[in-house]
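J.: Have a look at the structure that comes next, please.
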Amino acid sequence: MLGPLQRLGRTGIGFFERLGRGHVFLLQILARLPALLLRPGLVVRQIYSVGVLTLLIILVSGLFVGMVLGLQGFNTLSDFGAEESLGVAVALALVRELGPVVTALLFAGRAGSALTAEIGLMKATEQLSGMEMMAVDPMKRVIAPRFLAGFLSMPLLAAIFSAIGVYGGFFVGVGLLGVDEGAYWSQMQANVDLQDDIYNGVIKSIVFGFVATWIAVFEGYDAVPTSEGVSRATTRTVVHGALAVLGLDFVLTALMFGD
Amino acid sequence: MKQSKAVEIAVGLFVAAGMAALFILAMKVSNLSTSVNGESYTITASFDNIGGLKVRSPVTVSGVRIGRVDSIVYDFETYEAVVQLRIGNSYDRFPEDTTASIFTAGLLGEQYVALEPGGSEDNIMPGDRIQLTQSALVLEQMIGQFLYNTASAEEK
Amino acid sequence: MVQVRDLAFSRGERSIFDGIDLDIARGSVTAIMGPSGTGKTTLLKLIGGQLQPQQGSIVVDGECVTDLGIKALYKLRQRMGMMFQSGALLTDLSVFDNIAFPIREHTDLPETLVRDLVLMKLQAVGLRGAAGMMPNELSGGMARRVAMARAIALDPMMVMYDEPFTGQDPISMGIVVKLISELNSALGLTSVVVSHDVQETAAIADYVYLLSDGKVVDQGTPDSLWKSASEWSQQFLNGEPDGPVAFHYPAAAFRDDLIGGGRTT
């Protein structure tokens, strides 16, 4: 009788305990960020593994998403004789939504899971503990640079995704389907607003980068130090990261474009 | 140390690419290049009906975009909508009897303010009010009028 | 060098130490032995201040580890080296960079001097030729020697070895045994060796503590231990399969279990 109820309670307590630990962990990271300014080399190395190595998948995905938008947009818009608006449709879809969201999902899958696995394995092989015994703070040496690198890389990746996507749409719309080149760009420029659309998109990508990286490094640091524990943590990074990004996207969209 | 140099170069390229993408989004995709920034002045115009005109709608002259709508308020003194137009400083020699009209781009497109210079010697000064205005054409009214006219023509 | 007094530590419900006292003399090689699962590694982590005991005090070189703030603790740890069972080498750095790691983190020495220091440490463990290799290219024995070189990189006053002999072939084992005692005398270290390999440990230890069930059951020099040890210690030291520690894990009577029809109680 009490079984399921008790299980529910235990799950709930466990959830809030993890949530609390996650926030304490975040504060610990943030407290160590200023010291990183003295060691930019550490962050640069991590931007390489978090940002540069994710670039290829972002470029390819951005191009294809842009091309699909061009194709679908053209088919729908041509029904209304409004092919000239293709540029607007592609650019707004990318800048406001798809750029930040798809990039964040890919980022959680590619860079986030790698971060979790790396940190989790470092914990499992006692590398973090070893550092501590060498009087080196692993939070400062390992976690904080990775967090900062992810946080900095995400907006850049999202911007690259959107930009390449706009050219992907251009390639299909103008190159293959014969939309007027001038109309494509001028309609886009006339209707995409720097403040409302671009800035808000960038803010979204910054928030997503923060959350996705936070989840990734926390899951790695909090992983049970066994092979199974690390593999579970990696899965959680991707699942929780994706859910957090999509949930936050709704909240942010409602706040930004709601009225 | 060779390896770390390659890493640094790669990161440098990555950051540069990201910045370039942001720049493209700002300059090529958005309206930054066509929007009025920095030096500008405002004039106002009153309309009986502004239709679907919105803040940030473009202001054009002979089809050239020269500014945007800054604010729209309703004036209870005159029972008219007062539209404030922000215009770039490089376009500062419009005659006093310039006409401001609200047009629609295409059949279903967005609405914009078109200025049409008159023949006066004196120029409009910043903060002035344009005297000659032409309200937006509202599609429903036009259709209504058309139907009324045909109906009355048939009666004869 | 190290005084442990009335130390008690437990993980959740499970008590790991229950009031132990240890003294580790400066300049000696002290061995802490006991069966697997007696918390020998936990003891080293307690000495290193990575874990907090529930009760008791640990004094290292005059400083009470349990009361130190994080800054002072890190300062103290710079004077302690530790070799982990797994080696705990940083897998993304080469052997050279692994040993240079603590030096670079804690000093502002010029790169040429760092290089000299690292090569000296590598020479001491006989792996100067492997400086450019990555940790995953090393054999288990080599990895452990690199970990040793790293443990002494900052010229500590004390080095703790966690199971240095397990899982080694006889040759690497011999090398590690020789290195521990040679480094100890050559560098004037104090060494703490945690192990359950009786022969190798006895060969180099000046003093031995035997731990079991969270208590110190026997202590003394290796020679005296063999002569005077209790029945339990004899079993452990000589590796007898049955004795005070029974071969069978405690269970219901075998006969009852069989007749019970497979129900485990």
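J.: Among what's in the range A:171-195 and is more than 8 Å from chain B (Cβ to nearest Cβ), within 25 Å of B:GLY63 (Cα to Cα) and in a helix (DSSP H, G or I), pick the residue that is modelled with the highest pLDDT.
T.: Ranking the qualifying residues of the range A:171-195, first place goes to A:VAL174.
J.: Could you check the range C:144-180 and list, in sequence order, the residues that are within 26 Å of C:VAL114 (Cβ to Cβ) and in a helix (DSSP H, G or I)?
T.: Within the range C:144-180, C:ARG144, C:ARG145, C:VAL146, C:ALA147, C:MET148, C:ALA149, C:ARG150, C:ALA151, C:ILE175, C:VAL176, C:LEU179, C:ILE180 qualify.
J.: Filter the range A:96-128 down to the residues that are in contact with a helix residue (DSSP H, G or I) (Cβ under 6 Å, 6 or more places away or on another chain), of a type in the set (Val, Ile, Thr) and within 14 Å of chain C (Cβ to nearest Cβ) and list them by number.
T.: A:ILE119, the sole residue that qualifies.
J.: Next question, about the same structure. Considering the range A:217-238 alone, what residues qualify as being among the β-branched types (Val, Ile, Thr) and assigned to a helix (DSSP H, G or I)?
T.: Passing the criteria: A:VAL217, A:VAL230, A:THR234, A:THR235, A:THR237, A:VAL238.
J.: Same structure again: If you take the residues of the range A:44-95 that are away from chain B (no Cβ under 12 Å) and polar (S, T, N, Q), which of them is surrounded by the fewest Cβ atoms within 10 Å (Cβ to Cβ)?
T.: My answer is A:ASN75.
J.: I'm told C:MET134 meets every condition in (1) surrounded by fewer than 20 Cβ atoms within 10 Å (Cβ to Cβ); (2) free of Cβ contacts under 8 Å to residues at least 40 places away in the same chain; (3) closer than 19 Å to A:GLN127 by Cβ except one. Can you identify the failing condition by its number?
T.: The one condition C:MET134 does not meet is (2).
J.: Follow-up. Condition first: within 13 Å of chain A (Cβ to nearest Cβ), of a type in the set (Gly, Ala, Ser) and within 20 Å of the chain's Cα centre (by Cα). Now tell me which residues in the range C:50-105 satisfy that.
T.: C:GLY81, C:SER86, C:GLY87, C:ALA88
J.: I'd like to know if the range A:8-17 contains one or more residues that are of a type in the set (Ser, Thr, Tyr) and either surrounded by fewer than 18 Cβ atoms within 10 Å (Cβ to Cβ) or under 20 Å from A:ALA242 (Cα atoms) (or both).
T.: Looking for residues that are of a type in the set (Ser, Thr, Tyr) and either surrounded by fewer than 18 Cβ atoms within 10 Å (Cβ to Cβ) or under 20 Å from A:ALA242 (Cα atoms) (or both), one finds at least one in the range A:8-17, hence yes.
J.: Going through the range C:194-211 one residue at a time, which ones are touching a helix residue (DSSP H, G or I) at 6+ places or on another chain (Cβ under 9 Å) and assigned to a strand (DSSP E or B)?
T.: Within the range C:194-211, C:VAL194, C:SER195, C:TYR207, C:VAL208, C:LEU210, C:LEU211 meet the criteria.
J.: Is one or more of the residues making up the range C:92-101 in contact with a Phe, Trp or Tyr (Cβ under 7 Å, 6 or more places away or on another chain), over 22 Å from C:LEU187 (Cβ atoms) and surrounded by fewer than 20 Cβ atoms within 10 Å (Cβ to Cβ)?
T.: yes
J.: Which ones in the range A:129-151 are in a helix (DSSP H, G or I) and without any contact (Cβ under 8 Å) to a residue 60 or more places away in the chain?
T.: Matches in the range A:129-151: A:SER129, A:GLY130, A:MET131, A:GLU132, A:MET133, A:PRO138, A:VAL142.
J.: Among the residues of the range C:24-49, how many are part of a loop (DSSP other than H, G, I, E, B) and within 14 Å of chain A (Cβ to nearest Cβ)?
T.: The total comes to 2.
J.: Right, something else. Would you check which residues across the range C:139-183 are within 16 Å of C:LEU122 (Cα to Cα), in contact with a strand residue (DSSP E or B) (Cβ under 8 Å, 6 or more places away or on another chain) and among the hydrophobic types (A, V, I, L, M, F, W, C) and list them?
T.: Within the range C:139-183, C:ALA147, C:MET148, C:ALA151, C:ILE152, C:ALA153, C:LEU154, C:ILE180, C:LEU183 meet the criteria.
J.: Check every one of the strands (runs of 3 or more DSSP E) wholly within the range B:43-156 and list those with 1 or more residues that are in contact (Cβ under 8 Å) with a residue 60 or more places away in the chain and surrounded by 12 or more Cβ atoms within 10 Å (Cβ to Cβ).
T.: B:111-116, B:132-134
Listed here are the residues, each with its yes/no results for (1) within 16 Å of C:MET158 (Cβ to Cβ); (2) among the β-branched types (Val, Ile, Thr).
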{"site": "C:THR30", "(1), (2)": "yes, yes"}
{"site": "C:GLY37", "(1), (2)": "no, no"}
{"site": "C:PRO53", "(1), (2)": "no, no"}
{"site": "C:VAL59", "(1), (2)": "yes, yes"}
{"site": "C:LEU73", "(1), (2)": "yes, no"}
{"site": "C:ARG77", "(1), (2)": "yes, no"}
{"site": "C:ARG104", "(1), (2)": "no, no"}
{"site": "C:LEU109", "(1), (2)": "no, no"}
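J.: Let me ask something additional. Against the definition (part of a helix (DSSP H, G or I), within 20 Å of A:ILE160 (Cβ to Cβ), of a type in the set (Val, Ile, Thr) and out of contact with any strand residue (DSSP E or B) (no Cβ under 7 Å at 6 or more places or on another chain)), how does A:VAL202 come out, yes or no?
T.: Judged against the criteria, A:VAL202 is a match.
J.: Just wondering, is there one or more residues in the range A:220-239 that are within 14 Å of chain B (Cβ to nearest Cβ), closer than 26 Å to B:ALA21 by Cβ, touching a residue at least 60 places away in the same chain (Cβ under 8 Å) and crowded, with 17+ Cβ neighbours inside 10 Å?
T.: Scanning the range A:220-239, I find no residue that is within 14 Å of chain B (Cβ to nearest Cβ), closer than 26 Å to B:ALA21 by Cβ, touching a residue at least 60 places away in the same chain (Cβ under 8 Å) and crowded, with 17+ Cβ neighbours inside 10 Å, so the answer is no.
The values are calculated or read from the model by the stated rules, or taken from the named source; none is laboratory data. For clarity, every value in this text was computed on a predicted model and none was experimentally measured. Reconstructed Cβ throughout: ideal geometry from the backbone, glycine too, with neighbour counts over all protein chains shown.
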